[in-house]
């Protein structure tokens with residue numbers, strides 16, 4: 001069922017934009033999906049792919065669906081893949097994405113009251129590792 005919902009859904013969004021953010025290992029490609037100005041928060045999404053595959057394109061339908069149905073600003077992150085970029089490269093890229101969103105929210109460039117993280121497969125692991133890292137650094 002999920003494969004049909006996400007794979008077959010081309011949910012329209014009001015704005016999508018591809019750009020890069022500064023990361024510890026260089027520029028990190030990201031893409032935003034926005035459906036309205038009433039979003040309550042930002043969702044940072046990490047694609048799956050067993051740490052070695054996947055891309056912004058592989059999770060686009062999921063990100064579009066989440067932006068539209070959950071009414072969130074979604075930032076999809078194209079983190080560095082193994083084996084060319086061993087651990088903790090992907091986690092470093094996730095932290096860079098979080099810091100970018102936090103700075104954007106503080107500057108009021110991105111409206112919202114919270115930052116959430118999510119992902120599928122390896123991306124879910126990256127989201128969990130990001131939360132752990134932030135907790136260990138005593139950050140919100």
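Among residues of region 65-110 being assigned to a loop (DSSP other than H, G, I, E, B) and in contact with a helix residue (DSSP H, G or I) (Cβ under 6 Å, 6 or more places away or on another chain), the one that is surrounded by the most Cβ atoms within 10 Å (Cβ to Cβ) is 79.
Of everything in region 42-64 that is surrounded by fewer than 22 Cβ atoms within 10 Å (Cβ to Cβ) and touching a helix residue (DSSP H, G or I) at 6+ places or on another chain (Cβ under 8 Å), the residue that is farthest from residue 88 (Cα to Cα) is 61. Would region 6-21 turn up any residue that is at pLDDT 90 or above and closer than 21 Å to residue 129 by Cα? So far as region 6-21 goes, yes, one or more of its residues are at pLDDT 90 or above and closer than 21 Å to residue 129 by Cα. Residues of region 115-131 that are under 11 Å from residue 44 (Cα atoms) and either free of Cβ contacts under 8 Å to residues at least 24 places away in the same chain or part of a strand (DSSP E or B) (or both): 115, 116, 117, 118, 119. Against the condition free of Cβ contacts under 8 Å to residues at least 40 places away in the same chain and surrounded by 14 or more Cβ atoms within 10 Å (Cβ to Cβ), how does residue 134 come out, does it pass? Yes, satisfied.
The values are calculated or read from the model by the stated rules, or taken from the named source; none is laboratory data. These numbers come from a predicted model, not from an experiment. All Cβ positions, even for glycine, are placed from backbone atoms using ideal geometry, and neighbour counts span all protein chains on display.
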